[in-house]
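Have a look at the structure below, then the notes.
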Amino acid sequence: MKCSTVRWGLLPELPEVESVCRHLRERVPAGSLIVRAAIVRPGIVRPADPAAVEQELTGQRITRIGRRGKHILLHLSSGRILGVHLRMTGNLYFSPDIRFREASARAWLELPGRTGIVFADPRALGRLELLDQEPASLGPEPLEASFTPAVLAQASRASRAPIKVFLLDQRRVAGVGNIYAAEALFRARINPRKPANRLNSNNIQRLHAAIVGVLEDAVQSAYNAYSSPGRFTEGEEFAVQVYGREGQPCAACGKPVRRIRQGGRSTYFCGHCQR
DNA sequence: AACACGACCTGGTAGC
DNA sequence: TGCTACCAGGTCGTGT
């Protein structure tokens, strides 16, 4: 692929973050002790004092690994939560030997036996944050039962923003990013420029089903990819229909996929299929 | 109040 | 070859 940032399957939206969580849950037993914490890139932590964060984390136990939208939540024995956001290029993974770390390792939690959890992020846009509770102001989890067409309809009525921009707003639906917003709108055959409050009930039904369907497919693909890196087999990968495919034929009608700018970001869509 | 936009970051690439 | 300019996008702070 032409653009390096379109490393498909690595851009951390809900499905990729979920697979990171599964990876960690399989390797970090509940109750694991944090022997030592290291923050080697001060700018990534909140609160802003790295030494204080290191001190607070050291000696804590990881009681549970959760997820909310794109946030990874390491629940600590103190009751506080270490929230990890991967942003664009971040990654969080279990290391069997914490002494060997890649250059982009920005922080790590040493666990017993010199194992650990590494936060790596070449661009250092990701964030580690100590929280009193789960992040507030996030919308519903799209893969939970509470996310219904009625919930989506109610939220959409309150916004005149283009539906694509609306979907990127984490207060509306948690975990959808630029790729899956485009893919969901393609699957629902809705024009990304359509104002959110102009979607009719038919549109809402299709969009709801598309969001859930796209994310479920991608969760499965992302997990497969993460479990067996380098062992992709054809067809296992989530099939992108429009994202990053400017000028290539639409899978449905053959007309070229278009790219426009919305809210400072690229939107890919088929001008013929998406009305 | 709702929306727009720049800043934050770095690596890769296009263009000269 | 080596340089610069630009672009990727999630989120937040600031401006309109």
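At a glance:
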{"item": "Residue check for residue A:187: in contact (Cβ under 8 Å) with a residue 40 or more places away in the chain and assigned by TED's automatic domain parsing to the domain that holds residue A:23", "result": "no"}
{"item": "Number of positions in region A:154-174 that are in a helix (DSSP H, G or I), in contact with a Lys or Arg (Cβ under 9 Å, 6 or more places away or on another chain) and farther than 15 Å from residue A:263 by Cα", "result": "2"}
{"item": "Contacts under 9 angstrom Cβ, first residue in region A:249-275 being within 13 Å of residue A:193 (Cα to Cα) and within 13 Å of DNA strand C (Cβ to nearest atom), partner in a strand (DSSP E or B) and of a type in the set (Gly, Ala, Ser), 6 or more apart", "result": "A:259/A:266; A:260/A:266"}
{"item": "Of residues in region A:249-275 being assigned to a loop (DSSP other than H, G, I, E, B) and among the basic types (Lys, Arg), the one surrounded by the most Cβ atoms within 10 Å (Cβ to Cβ)", "result": "A:255"}
{"item": "Wholly within region A:66-152, strands (runs of 3 or more DSSP E) carrying at least 3 residues that are closer than 20 Å to residue A:13 by Cα and under 16 Å from the mean Cα position of the chain (by Cα)", "result": "A:71-76, A:81-85, A:91-95"}
{"item": "Filter result for residue A:215 (under 16 Å from the mean Cα position of the chain (by Cα), crowded, with 21+ Cβ neighbours inside 10 Å and away from DNA strand B (no atom under 16 Å from the Cβ))", "result": "yes"}
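The values are calculated or read from the model by the stated rules, or taken from the named source; none is laboratory data. Quantities reported herein were computed from a predicted structural model and do not represent experimental measurements. Counting neighbours? That spans all protein chains shown, and the Cβs are built from the backbone with ideal geometry, glycine included.
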